[in-house]
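Student: There's a structure below that I have some questions on.
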Amino acid sequence: MTIQDFDITVATAQHADFAPIICDEMAESAKARGTGIAQRSPEYVANKMLEGKAVIALHKDGTWAGFCYIETWSHGDFVANSGLIVNPNYRKAGLAKAIKHKIFELSRSKYPKAKLFGLTTGLAVMKINSEIGYEPVTYSELTQDEEFWKGCRSCVNYDILMSKDRKNCMCTAMLFDPEAIQKQYEEKMKKITHKATLLERIEAAFKKRLEKFELKAERLKQKAFTW
């Protein structure tokens, strides 16, 4: 089984019937990991599909294989790719990574200026996030929208989170800041341009010295000839 056996696409109304089984698998997965997630109802998940804010993966036989959806906070300044889940029957086929990349692209197209963030205890998800461009950050750099933090109430570690004044918990916070990425890119281009300019100056100086050397050699040659 390879990633080519699946169709990964933006979910629509025609996928709404998968919402109940997706929610059940999210809950079972959280229970198996011994952690918690913000519980979502089938209606909530189906609505994300209707809004075009979700990605779904289907096996070529039509079976549900994976899912992830978009949430926005702080008036769209922050975006989270939430509820990443893969059908247990199709794990280890690279679906999680493919879905993550697809939902990231969808988020960037819908909210190009927003900061993308996530909270996770999963090492595999952290690795995928790092490959995309997310970086570990403190909780203070995430949205402070109360509605977001209310979603942590269903997590088994909620008491730990609150006892630490929401400054840290068992999850690792990761952030993709497009503005910071753009600045890094501009700085990199400046360095490249500076190196290119410096190289051009060195080449020009070398060429000038070479021309002087050739001119001097020609004069010596002419002088020797007159002798």
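Student: So which of Ala80, Ala93, Ala11, Ala27 is of a type in the set (Gly, Ala, Ser) and open to solvent by 20 Å² or more (accessible area, probe 1.4 Å)? Walk me through how you get there before you give the answer.
Tutor: On the way: Ala80 fails: open to solvent by 20 Å² or more (accessible area, probe 1.4 Å); Ala93 fails: open to solvent by 20 Å² or more (accessible area, probe 1.4 Å); Ala11 fails: open to solvent by 20 Å² or more (accessible area, probe 1.4 Å).
Going through Ala80, Ala93, Ala11, Ala27 in turn, the sole match is Ala27.
Student: Would a scan of the stretch 153-166 turn up a residue that is exposed (fewer than 12 other Cβ atoms within 10 Å of the Cβ), closer than 30 Å to Gly83 by Cβ and of a type in the set (Gly, Ala, Ser)?
Tutor: From the stretch 153-166, those exposed (fewer than 12 other Cβ atoms within 10 Å of the Cβ) are 159, 163-165; that's our starting set.
Imposing the further condition that a residue be closer than 30 Å to Gly83 by Cβ reduces the set to 159, 163-165.
Within this subset, residues satisfying the condition of being of a type in the set (Gly, Ala, Ser) are 163.
Yes, the conditions are met somewhere in the stretch 153-166.
Student: Could you say whether any residue in the stretch 58-77 is exposed (fewer than 15 other Cβ atoms within 10 Å of the Cβ) and in contact with a Ser or Thr (Cβ under 8 Å, 6 or more places away or on another chain)? Even if it seems obvious, please write down each step before you answer.
Tutor: Step one: of the stretch 58-77, the residues exposed (fewer than 15 other Cβ atoms within 10 Å of the Cβ) are 60-63, 75-77.
Still in the running and in contact with a Ser or Thr (Cβ under 8 Å, 6 or more places away or on another chain): 77.
Within the stretch 58-77, one or more residues are exposed (fewer than 15 other Cβ atoms within 10 Å of the Cβ) and in contact with a Ser or Thr (Cβ under 8 Å, 6 or more places away or on another chain).
Student: Filter the stretch 181-208 down to residues that are within 33 Å of the chain's Cα centre (by Cα) and small (Gly, Ala, Ser), then give me how many there are. Write out each step before concluding.
Tutor: Going through the stretch 181-208, the residues within 33 Å of the chain's Cα centre (by Cα) turn out to be 181-196.
If we keep only those that are small (Gly, Ala, Ser) as well, we get 196.
Of the residues in that region, 1 qualify.
Student: Take residues that are free of Cβ contacts under 8 Å to residues at least 40 places away in the same chain and of a type outside the set (Lys, Arg) and tell me which of the helices (runs of 4 or more DSSP H) falling wholly in the stretch 90-171 contain 3 or more.
Tutor: Details: elements: 95-110, 123-132, 146-150, 158-163.
In the stretch 90-171, the matching helices (runs of 4 or more DSSP H) lie at 95-110, 123-132, 158-163.
Student: Looking at (1) within 22 Å of Ala27 (Cα to Cα); (2) open to solvent by less than 70 Å² (accessible area, probe 1.4 Å), which one does Ala180 not meet, given that it meets all the others?
Tutor: Status for Ala180: all satisfied but (1).
The values are calculated or read from the model by the stated rules, or taken from the named source; none is laboratory data. Note that the coordinates shown come from a computational prediction; the quantities given were computed from them, not determined experimentally. Please note: Cβ atoms are built from the backbone with ideal geometry, for glycine as well, and neighbour counts cover all protein chains shown. When the accessible area is computed, the model is the full protein with side chains, heavy atoms only, and any ligands, DNA or RNA have been set aside. Shrake-Rupley method; radii C 1.70, N 1.55, O 1.52, S 1.80 Å.
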